[in-house]
Structures are given as structure tokens and as C-alpha cells.
Amino acid sequence: MDNVSSIVVRWDPPNPVPDNLQYKVYFSAIDESGFQPQGEVVFRICDSTQTSASITDLSPRSRYQVRIGTVAGVVSESSSAPELIETPDIS
């Protein structure tokens, strides 16, 4: 695939790991002004045994904001601080 980047996001699990824990990987494109023109999307939902996820089909030389949410049960959700990631140029 030409002109496509991907990144791998890794995180540390909480201690102790709650029952029924799932992770949500959120990401959004960020423009040069730091705004999210298209809003945030859930890219992947992972079970508690996973501590990484690949985000694919990203544009090269672009900025994205990524955060990991944890969901335990049906009502409790928390989230990491967002991280800014810039995809490299494709050579």
C-alpha cells in the first residue's frame, strides 16, 4: 500500500486488573492548529489480555491524537491522557 502509515500503541495494565476489563483505543486526526476536524473514533476494543494495538491506514506526515480508555463492567470507564503522534514520511 502506497502512502499509508501505521503505528503500534502500547500501554501498562492497571494493578490489580478488574474483572471484565476491556480497553478502547481512541484516535483522531489533528490539524496544524491542534483541532480535531473529524472528531474522535474508537479504533479498536481489546480484552484485558492485550496491552498493544496497531492503528493502520494512517496518512503519512500527519498528526494524530491517541488515548486508551478502560472499561470495567458496564458503567465504569476511565481514560489515559491523550498522546500526540506524528506519522513519518513514506520513502
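The values are calculated or read from the model by the stated rules, or taken from the named source; none is laboratory data. On a predicted model such as this, the values are computed, not experimentally measured, just so you know. Here the Cβ is made from the backbone with ideal geometry for all residues, glycine too, and neighbour counts use every protein chain on show. Side chains included, ligands, DNA and RNA excluded: accessible areas come from the protein's heavy atoms. Shrake-Rupley method; radii C 1.70, N 1.55, O 1.52, S 1.80 Å.
If you go through the stretch 1-28 one residue at a time, how many are part of a strand (DSSP E or B), open to solvent by 60 Å² or more (accessible area, probe 1.4 Å) and either modelled with pLDDT of 85 or more or on the phi > 0 side of the Ramachandran plot (or both)? Steps first, answer last, please.
Here is the first cut: in the stretch 1-28, the ones part of a strand (DSSP E or B) are 5-10, 21-28.
Pick out the ones that are also open to solvent by 60 Å² or more (accessible area, probe 1.4 Å) and you get 6, 8, 10, 22.
Pick out the ones that are also either modelled with pLDDT of 85 or more or on the phi > 0 side of the Ramachandran plot (or both) and you get 8, 10, 22.
Within the stretch 1-28, residues that are part of a strand (DSSP E or B), open to solvent by 60 Å² or more (accessible area, probe 1.4 Å) and either modelled with pLDDT of 85 or more or on the phi > 0 side of the Ramachandran plot (or both) number 3.
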* Asked: Only one residue in THR49, THR56, THR70 is assigned to a loop (DSSP other than H, G, I, E, B) and β-branched (Val, Ile, Thr). Which one?
  -> THR49
* Asked: Just a yes or no: is a residue in the stretch 29-39 open to solvent by 50 Å² or more (accessible area, probe 1.4 Å), at pLDDT 85 or above and over 9 Å from the mean Cα position of the chain (by Cα)?
  -> no
* Per-region count, the stretch 40-51, residues in contact (Cβ under 8 Å) with a residue 12 or more places away in the chain, loosely packed, with under 10 Cβ neighbours inside 10 Å and hydroxyl-bearing (Ser, Thr, Tyr) -> 0
* Tally, over the stretch 48-91, of residues that are among the acidic types (Asp, Glu) and at pLDDT 80 or above -> 1
